[in-house]
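The next block holds one structure in the form of structure tokens; read it before the comments.
The values are calculated or read from the model by the stated rules, or taken from the named source; none is laboratory data. All of these numbers come straight from a predicted model, not from anything done at the bench. Note: ideal-geometry Cβ built from the backbone for every residue, glycine included; neighbour counts use all protein chains shown. The protein model used for the area step is the full one, side chains on, heavy atoms only, and it has no ligands, DNA or RNA in it. Shrake-Rupley method; radii C 1.70, N 1.55, O 1.52, S 1.80 Å.
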Amino acid sequence: VRAPADAEAGDYQGTLTVQADGRSPSSVNVLLRVLPFSLPPPPFQATMSYPTVASSDAGLTRDMVDMAEHGIGNYIDDLDVLLASYDQVFGADDIQLTQTAGLRIMSAAKQVWGSWPQPTYFGLGNQIAYYWDNSIGWFVFWPHSSKIDSDFLTAIGVIQAMATQNGWMNLSAFALDESGAHGQLDEAKYYYGLIKQNKPELTTWATIGGGIALGSDEIGELSSVVDYFITNRFSPEIAASLIARGKPYGVYNGARSTPPSSRTFFGFYGYK
């Protein structure tokens, strides 16, 4: 239960009545204790991502309010590049969908958080540089080409223009998920390198962890093109390696629909 910031400390009592269709109502006595202190703001950046954005504007705003009230400072799917048609052409329809969705997110976020001091995250690459293959349950890359590179950079330009027009200047690009765990470090280095070479004003971030568990030096391989890392396997050794390279880092975890699939995240709270 969220207590208002100006609520006086003490015990609050009441009765909660619950009734299901066709059943008699039941009442439960409720005691809510408000403690005489407030929690300080979190000393780190907390973000949240989930795969399906609310379809209604009211629902989207409500979700963001819920995040803000739990100390979450922004929404990690801020300005993702979206594809309207999977035709391997980043065209006008894709640009329009990306802009429409991004501006909707930005409008709701401004209502909830006001200013936007934290990094604005955006992802790209799916259906531009690679596609999802159901037979293997992961992404497959198309052969490199100047056209793919051009579409990739054009998509970034759309995000940059939209962010600039709305004062969201601190952009951070995400190009590929868990590359080390799926034998795709070379692809990650290529596309993150493409960003660094052509868009040096952007920061880049990548998820790691699975590759480390398999014996891959993800941090060393990607450090030249990735500015900061978020890992799903956190250890003193991983932290020391990142600190030694001067890399900011974060930890991610999550949950899915069943306990076994939740545990595949290797997160602290995934099972809960």
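At-a-glance table
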read-out	value
Under 5 Å, built H, 5+ apart or other chain: amide partners of Gly250	Phe229, Ile230, Thr231
In order through the stretch 213-223: 3J(HN,Hα) via Karplus (6.51 cos²θ - 1.76 cosθ + 1.60), integer Hz, x for Gly, Pro	4, 8, x, 8, 8, 4, 5, x, 5, 9, 4
Total formal charge among the other residues, if their Cβ is under 9 angstrom from that of Leu83, Lys/Arg +1 and Asp/Glu -1	-3
Rounded to 10°, Cα long-axis angle of helix 92-113 versus longest principal axis of the chain	40
Rounded to 5, the percent of DSSP beta bridges in the stretch 67-188 classed as antiparallel	45
Eligible lysines near Lys247 by straight Cα distance, threshold 25 Å, same-chain separation 8 or greater	Lys189, Lys196, Lys199
The stretch 23-48 versus the stretch 187-252: alpha-carbon centroid distance in Å	36
Cβ-placed point charges (K, R +1; D, E -1), dipole of the chain about Cα centre in debye, nearest 20	520
Cα extents of the chain along the three principal axes, largest first (Å)	66, 45, 40
Positive minus negative residues near Thr231 (Lys, Arg vs Asp, Glu; Cβ under 12 Å)	-1
With at most 14 other Cβ atoms within 10 Å, longest stretch of the chain clear of loop GluC sites (Glu not before Pro) (DSSP)	9-200
Cα pair distances in the stretch 15-122, grouped into 10 Å bins until the bin that holds the longest one, percent each	12, 31, 23, 19, 11, 4, 0
Under-5 Å amide H pairs with Leu171, H placed in peptide plane, nonlocal only	Thr120, Thr203
Charge dipole magnitude, Cβ of K and R +1, D and E -1 - the stretch 27-134, Cα centre, debye nearest 20	540
Farthest positive-ward along the chain dipole, Cα basis, beta-carbon charges - from Asn170, Ala213, Ile128	Ala213
Top positive-direction residue, dipole computed over the stretch 9-99 with Cβ charges, set Phe90, Leu32, Thr61	Leu32
³J(HN,Hα), Karplus 6.51/-1.76/1.60, whole Hz, each residue of the stretch 132-139, x for Gly, Pro	8, 10, 4, 5, 10, x, 7, 7
Net dipole in debye of the stretch 85-239 [+1 Lys, Arg Cβ; -1 Asp, Glu Cβ; about Cα centre; nearest 20]	520
Computed FRET value (nearest 0.05) for Arg233 with Arg23, which takes r as the C-beta separation and R₀ as 41 Å	0.30
Accessible area (Å², per residue) of the chain, counting only protein heavy atoms and a probe of 1.4 Å	57
Helix 146-165 axis, angle to the chain major axis (alpha carbon atoms, nearest 10°)	40
Within the accessible area of the stretch 11-81 (1.4 Å probe), percent carbon and sulfur	55
DSSP bridge pairs, the chain: antiparallel proportion in percent, nearest 5	45
Using a Förster distance of 22 Å, the FRET efficiency for Gln88-Ser55 (Cβ separation, nearest 0.05)	0.20
